[in-house]
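These notes are about the structure you will find just below.
The values are calculated or read from the model by the stated rules, or taken from the named source; none is laboratory data. Bear in mind the structure is a predicted one, so any value in this text is a computation, not a measurement. Glycine gets a Cβ as well: all are built from the backbone with ideal geometry, and neighbour counts include every protein chain shown. Surface accessibility is based on the protein's heavy atoms, side chains included, excluding ligands, DNA and RNA. Shrake-Rupley method; radii C 1.70, N 1.55, O 1.52, S 1.80 Å.
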Amino acid sequence: MTDILAGLNDKQLEAVTLPPQSALIIAGAGSGKTRVLTTRIAWLIQTGQISPQGLLAVTFTNKAAREMLSRLSAMLPINTRGMWVGTFHGLCNRFLRAHHREANLPATFQILDSADQLSAIKRVMRALNIDDEKYPPKQAQNYINNAKEEGLRATRMEAYDKYSETLRDLYAEYDAQCQREGVADFAELLLRCYETLSRETALREHYQTRFRHILVDEFQDTNRLQYQWLKLLAGQGSAMFAVGDDDQSIYAFRGARVGNMLEFEKDFQVKNLIKLEQNYRSHSNILDAANAIITHNRNRLGKNLWTADGAGEPIRVFEAYNDQDEAHYIVEEIKMLHNEGQSLGEIALLYRSNAQSRVLEHALFTAGLPYRVYGGLRFFERAEIKHALAYLRLVANPDDDTALLRVINFPTRGIGARSLEQLQEIARGQNSSLWQAAVAKSGAQPKPGRGIEGFVALLRLLRDGCVGLTLPEMIDQITTHSGLRSHYQNEKEGEDRIANLDELVNAAIAFTQEHGGDFAESSGGDPQQQLLTAFLSFASLEAGEHQADPGRDALQLMTVHAAKGLEFNTVFISGLEEGLFPHEQSMLETNGLEEERRLMYVAITRARRRLHFCHAQSRLLHGQVRYNIPSRFLDEIPDALLKRINTRAESKAPTSAPRSQTAAHPWRIGQAVTHQKFGQGVVVGYEGNANDLRVQVNFGHAGMKWLAMEYAKLTAV
């Protein structure tokens, strides 16, 4: 017993040896929560309070479950094979296999992954004759999964109009089809398990008696149905040991409810609330910054991280002129750290939005630094980017069969496998490309719409529409008129995909600025066509190079969401600007800013030794230059914790009025103004001197149009 408890601090020891009552453990970042959970299980078994088969431990990832079982095996001479330790879905699957009759499932029921589920939904839509353009299958899939995660069947879904009524009917028929075929999707596993336990009293009482101790990891990430399932299993007599950190609840977009922790205190009449505040990961400067930011959130259970280690280095804050300057700074700092002997794998580059990675990846690619995108794909490998590039390739060369096969039915236009087989047979028969076969099949005047004929009409429209356009304008035209943007608007996480399409336009702008002069009229051929070909080659090369091989030392790139649970010696957080981090969307949502602050808290606490904050005065977003102010999160950190790096903006920025002069006038960057000719615009910058100060205003979304107005006349606008 002494060996099991050795090395625990006072609070950890108190949590591990609690009496058999429900308890809430507030475990701060880096406070050893996994050790506490595992040791609690070992202590309960070692003291004879429970058998290995008499407890249930729930995690959120299979990796966490495996780690817990591995540690238990090292601590106790027991066989962990039969223990109920796993994820929500894994444990529910185990229950349904054992009680398939009570759950009204066949013994051999199969589980549908996301792709299989989408295919099943499409079959139902065809059977019900539902228009997949008005009701995109992905949107229907999100509707069904969200309903199940709330514990709602189709019969309990409200219909406010014809649209929602159709989705409800689709949900009902999809459920019926799954039942006939003996299959279950992921969301169904938990819902079916919950319904079975609710309905079958004897079965529920059996498991309530068996599992006298229930332990839950990452409790702050539970959704409504998961919490209801836990309450059902716990019954009246079981002890629930919930470990979580409300300050790290960052998955509201997936249905996580940080309020479950407050409800748990009330529902289980928790008398034991223990805060694990000693951090074993980071220096105190890093923890003090995290504490300072998170205290601005209301309705938190409250804690204050501390460490026995020293203060460490101050947090470096770099203000860049633009996003490229920011990327250059990060690359130079990484090179220096690597030359000093730090492993690239111990350095992480975090960003709020996936679209930010493009500029960073390009800088790393150019510098020859190997990197790996954790929990996602590199920019030019993302599906939406590959779709857009495929359309762009067809504009450059319609005989590109690979590109054509990728997008001929994306977004869906009713071209099935049989139609493609017939098209390929025609192409083989006349020894031509698929495009030539499609043209021959469609006739001289194909009509816009669905099927192969509709695709031929669309591609001709895209090619004609791109004549005379610049490269960025081509991409904007293609992503809009191909239907890609409207398709992704209907996806649950489509906002990120659309942001990536916008970033592709930015990549084209940067490429044109760098290489546009390489293709002059005198060189022969169409300069725009040559630039397009060069850009496609550039995209292919960046997609195929520098993603580090498995096992190779490489820099880690990821969104802040993907970074949760990880830690690194050095962390760079880029894009700390208002509207980006915190994200502008958060301002429109209830408690959205508080979730953004929790996200920042998670980002900061990933760092062990060094932490860098970066922000840019201007950034190319959505095809336009946006002038930014630093994130409010920087203002929430005491200056004593920060070391501000001299910006290089003074030497790179265009001639502008000194700060003392611009700060005095009544118009500020971001302020809306109105002009009779241009409509409403936003003040984005200044130029000139104190005697002839001019204000730059951006009007409209069609492109960047600068209007310089004399300061003296601005009052008339």
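In table form, for the structure just shown:
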quantity	calculated
Pairs with Cβ under 9 Å, 6+ apart, first in region 384-408 and hydroxyl-bearing (Ser, Thr, Tyr), second surrounded by 21 or more Cβ atoms within 10 Å (Cβ to Cβ) and outside any helix (DSSP H, G or I)	Tyr391/Ser482
Identity of the residue in region 92-115, in contact (Cβ under 8 Å) with a residue 24 or more places away in the chain and over 28 Å from Gln208 (Cβ atoms), that ends up farthest from the chain's Cα centre (by Cα)	Thr108
Some residue of region 282-289 being touching a helix residue (DSSP H, G or I) at 6+ places or on another chain (Cβ under 9 Å), at pLDDT 95 or above and closer than 24 Å to Asn628 by Cα	yes
Residues located in region 414-448, provided they are open to solvent by 20 Å² or more (accessible area, probe 1.4 Å) and touching a residue at least 24 places away in the same chain (Cβ under 8 Å)	Gly414, Ser419, Trp435, Gln436
Residues of region 240-257 satisfying the condition of being basic (Lys, Arg) and either over 18 Å from the mean Cα position of the chain (by Cα) or within 27 Å of Pro20 (Cα to Cα) (or both)	Arg257
Cross-chain or 6+ apart pairs with Cβ under 7 Å, region 46-73 first and without any contact (Cβ under 8 Å) to a residue 24 or more places away in the chain, then surrounded by fewer than 16 Cβ atoms within 10 Å (Cβ to Cβ)	Leu69/Thr80; Ser73/Thr80
Leu197 closer than 20 Å to His99 by Cα and aliphatic (A, V, I, L, M)	yes
Count of residues meeting criterion [assigned to a helix (DSSP H, G or I) and under 24 Å from Ile478 (Cβ atoms)] in region 366-394	15
Filter result for Asp113 (farther than 29 Å from Val243 by Cβ, loosely packed, with under 13 Cβ neighbours inside 10 Å and modelled with pLDDT under 90)	yes
Residue match in region 216-235 (condition: of a type in the set (Phe, Trp, Tyr) and in contact with a Gly (Cβ under 7 Å, 6 or more places away or on another chain))	yes
Residue satisfying all of: in region 154-168; in a helix (DSSP H, G or I) and open to solvent by 30 Å² or more (accessible area, probe 1.4 Å); farthest from Asp113 (Cα to Cα) among these	Lys162
In region 585-597, the residues that are in a helix (DSSP H, G or I), more than 15 Å from the chain's Cα centre (by Cα) and modelled with pLDDT under 95	Met587, Leu588, Gly592, Leu593, Glu594
Region 396-423: number of residues that are in a loop (DSSP other than H, G, I, E, B) and under 22 Å from Ile130 (Cα atoms)	9
Counted residues, region 136-153 - those being closer than 21 Å to Tyr194 by Cβ, crowded, with 18+ Cβ neighbours inside 10 Å and not hydroxyl-bearing (Ser, Thr, Tyr)	7
Extreme residue, farthest from Asp464 (Cα to Cα), among residues of region 481-506 that are touching a helix residue (DSSP H, G or I) at 6+ places or on another chain (Cβ under 6 Å) and of a type in the set (Ser, Thr, Tyr)	Tyr488
One residue from Leu96, Leu56 being within 16 Å of Trp229 (Cβ to Cβ), surrounded by 19 or more Cβ atoms within 10 Å (Cβ to Cβ) and in contact with a Phe, Trp or Tyr (Cβ under 7 Å, 6 or more places away or on another chain)	Leu56
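Yes or no, residue by residue, for (1) of a type in the set (D, E, K, R); (2) within 20 Å of Val36 (Cβ to Cβ); (3) open to solvent by 20 Å² or more (accessible area, probe 1.4 Å):
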residue	(1), (2), (3)
His296	no, no, yes
Gly302	no, yes, no
Ala308	no, yes, yes
Gly312	no, no, yes
Phe318	no, no, no
Ala327	no, no, no
